[in-house]
Amino acid sequence: MDSPLLARVLFTVGPVPITEPVVVTWGLMALLAGGAAALTARLKVVPSRRQAAIEVVVGAIEGLIRETLRTSPAPYIALLGTILLFILAANWSSLIPGVDPPTAHLETDAALALIVFCAVIYYGVRSRGLGAYLRTFAEPNVLMVPLNVVETFTRTFSLIVRLFGNVMSGVFVIGIVLSLAGLLVPIPLMALDLLTGAVQAYIFTVLAMVFIGGAIAEGQAGPDKEGKSS
């Protein structure tokens, strides 16, 4: 069995090797983008069953953002909703024979965590202002600056390790059982893998919300005021 830390190279574009996680990631992005465009092509005032189902999903994500950030979800739903749906689709892609989920590779998880890291800074600066955001690293006093800076990086690293460890271990265990016991025995484990994939997508997204919420906490206008302004 290949090392889970190595990504299989499928082809090269000039000197650049294109690995399996990259191809699967772009395939999932195209599938999600195309599906979203098709599902939202004919929205109506009186929703159909399909539109009602979409509105339930969007409403649930908005509710989760509103409860976590205590503010209007409008500025954040595009980013956080996309992260949630992508990780969910990536985790569940392990059920396709011959496909390794991109989230079982460190580079994908590192890219997702880097997006969250940049989003925390962006929303923090936008909400508080650059000077006020930088001063948060000196809270409660200036001696805490090194620790607060380290915390910013370590919590990003924790996102990578948590997602990678859980997804990779599930794929690894199913692969071992499949090689030893045949096709039917791993079915209960695959059902458990579905649940684990959904839980990990939820946890990653909620932690992203918590980190963003901490960055904007003192600079936000409040639910009512921001909701009206947006």
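The values are calculated or read from the model by the stated rules, or taken from the named source; none is laboratory data. Given the structure is predicted, the values throughout are model-derived calculations rather than measurements. All Cβ positions, even for glycine, are placed from backbone atoms using ideal geometry, and neighbour counts span all protein chains on display.
Which residues, taken from segment 38-66, are among the basic types (Lys, Arg) and touching a Leu at 6+ places or on another chain (Cβ under 7 Å)?
Let us first name the residues in segment 38-66 that are among the basic types (Lys, Arg), namely 42, 44, 49-50, 66.
Correct list: Arg50 only.
Between residues in segment 150-169 that are farther than 18 Å from Ala7 by Cβ and residues that are surrounded by fewer than 14 Cβ atoms within 10 Å (Cβ to Cβ), which pairs lie under 8 Å by C-beta distance while being six or more apart or on different chains?
Qualifying pairs under 8 Å: Thr156/Leu114.
Does segment 90-120 hold any residues that are surrounded by fewer than 20 Cβ atoms within 10 Å (Cβ to Cβ) and aliphatic (A, V, I, L, M), and which are they? Please lay out each step first, then the result.
The first filter runs over segment 90-120 and keeps only residues surrounded by fewer than 20 Cβ atoms within 10 Å (Cβ to Cβ), leaving 92, 95-99, 106-107, 110-111, 114-115, 117-119.
If the condition is that a residue be surrounded by fewer than 20 Cβ atoms within 10 Å (Cβ to Cβ) and aliphatic (A, V, I, L, M), then Leu95, Ile96, Val99, Leu106, Ala110, Ala111, Leu114, Ile115, Ala119 are the ones that fit.
Within segment 1-49, can you find the residues that are of a type outside the set (S, T, N, Q), surrounded by 13 or more Cβ atoms within 10 Å (Cβ to Cβ) and in a helix (DSSP H, G or I)?
Glu20, Pro21, Val22, Val23, Val24, Gly27, Leu28, Met29, Leu32, Ala36, Leu39
Quick grid of which residues meet (1) touching a helix residue (DSSP H, G or I) at 6+ places or on another chain (Cβ under 9 Å); (2) closer than 29 Å to Ile121 by Cβ; (3) at pLDDT 70 or above:
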| position | (1), (2), (3) |
| --- | --- |
| Val150 | no, yes, yes |
| Leu159 | yes, yes, yes |
| Gly175 | no, no, no |
| Ala201 | yes, yes, yes |
| Glu218 | yes, yes, no |
| Ala221 | yes, yes, no |
| Glu226 | no, yes, no |
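Say whether the condition of being more than 22 Å from Ala201 (Cβ to Cβ), touching an Asp or Glu at 6+ places or on another chain (Cβ under 7 Å) and not acidic (Asp, Glu) is met by at least one residue in segment 75-83. Spell out how you get there, then give the answer.
Step one: list which residues in segment 75-83 are more than 22 Å from Ala201 (Cβ to Cβ), which gives none.
There is no residue in segment 75-83 that is more than 22 Å from Ala201 (Cβ to Cβ), touching an Asp or Glu at 6+ places or on another chain (Cβ under 7 Å) and not acidic (Asp, Glu).
What about Phe137, is it farther than 24 Å from Ile18 by Cβ, over 17 Å from the mean Cα position of the chain (by Cα), among the aromatic types (Phe, Trp, Tyr) and surrounded by fewer than 17 Cβ atoms within 10 Å (Cβ to Cβ)? Full working, then the answer.
On the way: farther than 24 Å from Ile18 by Cβ: yes; over 17 Å from the mean Cα position of the chain (by Cα): yes; among the aromatic types (Phe, Trp, Tyr): yes; surrounded by fewer than 17 Cβ atoms within 10 Å (Cβ to Cβ): yes.
Judged against the criteria, Phe137 is a match.
Would you mention how many residues in segment 89-133 are in a helix (DSSP H, G or I), free of Cβ contacts under 8 Å to residues at least 60 places away in the same chain and under 23 Å from Val199 (Cα atoms)?
Summing the residues that are in a helix (DSSP H, G or I), free of Cβ contacts under 8 Å to residues at least 60 places away in the same chain and under 23 Å from Val199 (Cα atoms) in segment 89-133 gives 7.
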